[in-house]
Structures are given as structure tokens and as C-alpha cells.
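The values are calculated or read from the model by the stated rules, or taken from the named source; none is laboratory data. Everything quoted here is computed from the prediction, not taken from an experiment. Note: accessible area is taken over every heavy atom of the protein model, side chains too, but ligands, DNA and RNA are not part of it. Shrake-Rupley method; radii C 1.70, N 1.55, O 1.52, S 1.80 Å.
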Amino acid sequence: MRAIANREVCEGHGICESIAPEVFQVDDDGEVSVLADHPPESEANAVRLAVDSCPVAALLVEE
């Protein structure tokens, strides 16, 4: 699994960070960063939920 964030689309809602804080972080400028490009399997469900919950579809998971 690979977590991908499109910083140009991100509006800084922070939902991803609240769901998967070990993988996503929203900085002070409201842009998302991926902390773990290849998150551990233990984070897989949280990453998928974060991707599905993003209101602007700024996140993607590649299997």
C-alpha cells in the first residue's frame, strides 16, 4: 500500500490527520503531508478511511 496526497487539491480540513495521524499531517498552511508513504499494515484500515473521508478527494491509495 502507498499513500498519496495531492497538495494542490487539499483544502486543509484535517479529517485525514484526525483519522490516521501516523500517516497524514496537515501543516500550519493547511496543506497535507504524507508522513509514511508506505504505511504499516496496522494502519491500512485507517488510511483507507481517511482517503474515503477526504471531502475534496485529495488522497489516494495505491495497492
Given a 1.4 angstrom probe, what's the average accessible area per residue across region 7-63, in square angstrom?
63
Heavy-atom accessible surface of the chain: percent carbon and sulfur, 1.4 Å
43
